1. By how many degrees, between 0 and 90 and to the nearest 10, does the Cα long axis of helix 106-116 differ from the longest principal axis of the chain?
2. Mind checking the per residue accessible area of region 49-307 for me, 1.4 Å probe, whole number of Å²?
3. Averaging sequence separations of C-alpha pairs under 8 Å and six or more residues apart, then dividing by the length of the chain, give the relative contact order as a whole percent.
4. Placing unit charges on C-beta atoms (Lys and Arg positive, Asp and Glu negative, everything else neutral), compute the dipole magnitude of region 49-307 about its Cα centre in debye, rounded to 20.
5. In percent, how large is the relative contact order of region 49-307, given Cα pairs closer than 8 Å and 6 or more residues apart?
6. Mind pulling the angle between the C-alpha long axis of helix 154-168 and the longest principal axis of the chain? Nearest 10 degrees, somewhere in 0 to 90.
7. Could you look at region 49-307 and say what percent of its accessible area is carbon and sulfur, using a 1.4 Å probe and all protein chains?
8. As I understand it, the value is the acute angle between the Cα axis of helix 293-309 and the longest principal axis of the Cα atoms of the chain; what does it come to in degrees, rounded to 10?
Amino acid sequence: MSVSAVAADRSVCAPLPVLGRDVLVPLVTGGEVDYAALDYAASAPALQRVWDDVAAYAPYYGSVHRGAGYLSQLSTDLFENSRATIAKFLGCGRREGDQVVFTRSTTDSLNLLAAVLPQNTRVFVFETEHHASLLPWEQRPDTAVTYLNAPRTPQQAVDTLEKALAEREPYGPALVCVTGASNVTGELWPVRELAAAAHAHGARIVLDAAQLAPHHPIDIAELDVDWVAFSGHKLYAPFGAGVLAGRADWLQAAEPYLAGGGASRKVSRRTDGGVDVEWHTTAARHEAGSPNVIGAYAIASACQALTEAGFDGLVAREQELIARVREGLAEVPEVKVLSLFGDDAPRVGVLSFVVEGWNSSHFAAALSAEYGIGVRDGLFCAHPLVRTLLGSEPQEPGECGAPEAAPGERSLNAIRVSFGAGTPDEHVERFVRAVKELVADGARWNYRTEDGRCVPDTSA
Ligand code: PLP
């Protein structure tokens, strides 16, 4: 969609108030500038509304589930009401037997699902996934994992999955894991079609919605996915909670993810000296330990805030920002935007690119030090995908990045810019201007490598 087409659409809504919008950061060249947070895909700033809701609740904070006091009961209600709000946000209520389990993050949610898979489950996962959805499945020796090659169109994704499922039949329980929106390219995956393919072959499907949930409404029943996983900190609710929502049967048939209080209903000593445990059969089965009531409430508050703001307007505004960034970058021949599905693919506000002749870490450091813009560089915890897109050879795996070349040397990594509901126009305008200036004029400062990263050289 072009900028003008979006501008004509009066449903575009204003940026939502977020924390940190007035924070000033120093520039290495002198002076200060308000920080342009363009790393939403890693962690989005907190919505002001979420912060206010949490602050309003904080004096009433109390222990959840086990306390007899007034504030404990209030906190327990808040915790369970948060679960209900999130269930509604995800459309869970429309399907019998769905559950919302609170976790720490998307990574935790997918590891929980991996832990409760029935014996001898076959898992199908694209190599393009974030490591959080690529890696949890091999931990159980009885789980067989099929890694699918990167598709170059959404239809190819469906065909690849169809073929892989058909070739391996018959199998017992099977699970497909797919991302809703790529954390590297921002491109949307054909979730509904992949779910239909999975179900046609008797497999279930889990949606990694870490990057989708902050940008798009999700309806678990309408998409017909069996589970959805996402993180609060990417959904403007940075209080250490995440969600795994969906079918209860596999969750309830398995041993608890963590053994402990909260997950156990009754514990007694056996005559042989051992211990018998009766585990809960609700979401609590996988929520052992004291629950993160503030994290859960913050996610519910964010769900409410996004719903009230209206996803139509939020999406329209984000598409406008995407168009501005893409049109701006397209004017710089040295910039190559990474894409799996091509220019016309529907996408969220996440874009990765490389700049000819620049080391990505050097470029990202200059955006920060000279323009006050926070982006990310590296392989974005999706090493196979970024290497496929860059066409580069595997290198020593780093945790969330990789060894860097010295400033000025060509890099094997990319730069990612990402934004969302709180991003003002000025931040993306500054970003586009900065890219153009850096490419045309070079950095205005010297940089050196420190602990594998480029940093401004302030030693002179
Ligand atoms: N899935 C995707 C697509 C992501 O982008 C991320 C984080 O960047 C994750 C999963 C993991 O999320 P978390 O680090 O919150 O567990």
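1. 30
2. Ligands and nucleic acids excluded, the figure is 40 Å² per residue.
3. 21
4. Details: 21 positive and 28 negative charges, 107 e Å.
That gives a dipole near 520 debye.
5. Details: 504 pairs, mean separation 64.3, N = 259.
Reported as a whole number, the value is 25 percent.
6. Here the helix axis deviates by roughly 40 degrees.
7. On the way: 5480 of 10450 Å².
Summing carbon and sulfur atoms, their accessible area is 52 percent of the total for region 49-307.
8. 60
The values are calculated or read from the model by the stated rules, or taken from the named source; none is laboratory data. Please read these numbers as outputs of a predicted model, since none were measured by experiment. Virtual Cβ from ideal backbone geometry, glycine too; neighbours counted across all protein chains shown. With ligands, DNA and RNA removed, areas are computed over all heavy atoms of the protein, side chains included. Shrake-Rupley method; radii C 1.70, N 1.55, O 1.52, S 1.80 Å.
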